[in-house]
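Taking it in order: structure first as structure tokens, then the write-up.
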Amino acid sequence: MFQSKIAGLGYYVPKNVYTNNDLTRFMETSDEWIQERTGIKERRYADRIGETTTTMAVEAAKIAIERANTTAEEIDFVVFATLSPDYYFPGCGVLLQREMGMKEIGALDIRNQCSGFVYALSVADQFIKTGMYKNILVVGSEKHSFALDFSTRGRAVSVIFGDGAGAIVLQPTTEAGKGILSTHLHSDGADAEKLAMYYPGASGGIWTENPPTWPNQELGGMLMTPEMLEDGTAFPVMDGQAVFKKAVVKFPEVIGEALSKNDLKTEDIDMLIPHQANLRISQFIQKTLGLSDDKVFNNIQKYGNTTAASVPIALCEAWEQGKIKDGDLVCLAAFGAGFTWGSALIRW
Ligand code: UT7
């Protein structure tokens with residue numbers, strides 16, 4: 001029986017920096033409001049044309065693959081997490097496979113938003129443990145900026161999110177007690193519509209009465225109509241307070257679940273990498289668990305919430321800064337739209 005180990009990791013963020021003050025050019029907001037409520041100072045936005053969720057993922061993947069001392073041709077499976085794919089279909093997995101000149105390997109797309117990377121890691125971990133694959137690329141990448149409402153109407157959502165990508169290469173190890181110790185995944189769809197982007201979608205969504213007549217009246221679902229852009233329903237919606245309240249409960253719960261599964265205690269954690277949703281959420285988790293500042297990594301100040309990319313970007317930055325060392329107990333945890341949440345415990 002193998003365990004999975006992270007053999008290489010990398011991240012990429014676009015060069016375009018937008019500070020909170022920059023956003024005041026487009027909407028009524030302030031540096032003070034954004035910092036006080038979220039901790040965010042600035043975020044990155046991809047180039048509007050040319051730079052995509054896939055191209056950013058490729059940049060992060062190149063670094064992870066090189067650090068794992070392997071090559072794109074040797075990757076035998078791809079798991080790609082994103083909520084902002086280049087196309088509605090096919091998913092970004094195949095686009096990355098093509099861009100990186102990989103063999104005709106399996107490419108799986110994961111749609112679990114902020115928990116996407118933890119879900120992707122868990123799936124990859126199972127394939128390594130069973131011996132089915134030996135060199136899996138796991139990616140989280142987001143180009144949120146393509147679908148944010150940068151007017152005052154959308155400010156409660158748009159100031160939070162940023163673009164970027166993170167990647168890891170997962171390989172088997174037989175070193176006892178090393179690598180991924182366990183992963184834990186959960187969902188509760190009761191609040192699915194509290195953090196969502198409804199369109200394009202087949203449900204008819206909010207249009208239970210008098211649906212728009214475009215694109216094709218009698219037949220056809222709800223692609224995207226000019227009215228939806230006009231009235232804002234085309235953009236993501238978020239009940240921020242509902243998300244916040246649930247997140248601060250589920251984060252500690254799923255971290256506790258991972259610890260107890262491995263007969264470990266909170267004080268055994270050397271580094272907690274929480275999904276970067278909001279600095280106040282991270283601080284709340286830290287307080288609940290009683291962890292010291294040096295045991296919780298946050299970089300939301302620089303990048304905002306990059307959803308599926310946030311955990312691998314933070315993990316990679318913490319590692320690059322020497323904050324994760326051989327033998328350390330690292331805990332990844334995430335919560336987001338769905339709602340979905342999860343954790344992974346890793347002995348580095
Ligand atoms: O990864 C998971 C993704 N999402 C999350 O984790 C989100 C979790 N929730 C949050 O982070 C917080 O709920 C937010 C940061 C989104 C919002 O903070 P809040 O303290 O819950 O504020 P609020 O939505 O209750 O809004 C308070 C006020 C409102 O004005 P009124 O009605 O009190 O006059 C908003 O219109 O702040 C206003 N507001 C803003 N003002 C300036 C909302 N967005 C902005 C803004 N700039 N960007």
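The values are calculated or read from the model by the stated rules, or taken from the named source; none is laboratory data. Note that the structure is a prediction, hence the values are computed from the model and not measured. Cβ sites come from the backbone with ideal geometry, for glycine too, and all protein chains shown count toward neighbours. Areas reflect the complete protein model, heavy atoms only, side chains present, ligands, DNA and RNA absent. Shrake-Rupley method; radii C 1.70, N 1.55, O 1.52, S 1.80 Å.
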Exception for GLN97 within (1) over 18 Å from the mean Cα position of the chain (by Cα); (2) closer than 18 Å to PHE146 by Cβ; (3) free of Cβ contacts under 8 Å to residues at least 40 places away in the same chain; (4) not in a loop (DSSP other than H, G, I, E, B) falls at (2)
Residues in the stretch 289-305: is at least one over 28 Å from GLN241 (Cα atoms), in contact with a Gly (Cβ under 7 Å, 6 or more places away or on another chain) and outside any strand (DSSP E or B)?
-> no
Working only within the stretch 275-293, note down all residues that are more than 11 Å from the ligand (Cβ to nearest atom) and of a type in the set (A, V, I, L, M).
-> ILE285, LEU289, LEU291
So which residues in the stretch 110-152 are open to solvent by 30 Å² or more (accessible area, probe 1.4 Å) and closer than 23 Å to ASP47 by Cα, if there are any at all?
-> GLN113, PHE146, PHE150, SER151, THR152
Quick one: would you say ASP270 is over 16 Å from LYS41 (Cα atoms) and either in contact with a Lys or Arg (Cβ under 7 Å, 6 or more places away or on another chain) or not assigned by TED's automatic domain parsing to the domain that holds ALA334 (or both)?
-> yes
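With the structure loaded, tell me whether ILE6 is within 21 Å of the chain's Cα centre (by Cα), more than 30 Å from ALA156 (Cβ to Cβ) and of a type in the set (A, V, I, L, M, F, W, C) or whether it fails that test. Working first, answer last.
On the way: within 21 Å of the chain's Cα centre (by Cα): yes; more than 30 Å from ALA156 (Cβ to Cβ): yes; of a type in the set (A, V, I, L, M, F, W, C): yes.
Criteria met by ILE6.
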Test: SER84 is crowded, with 22+ Cβ neighbours inside 10 Å and touching a His at 6+ places or on another chain (Cβ under 7 Å) | yes
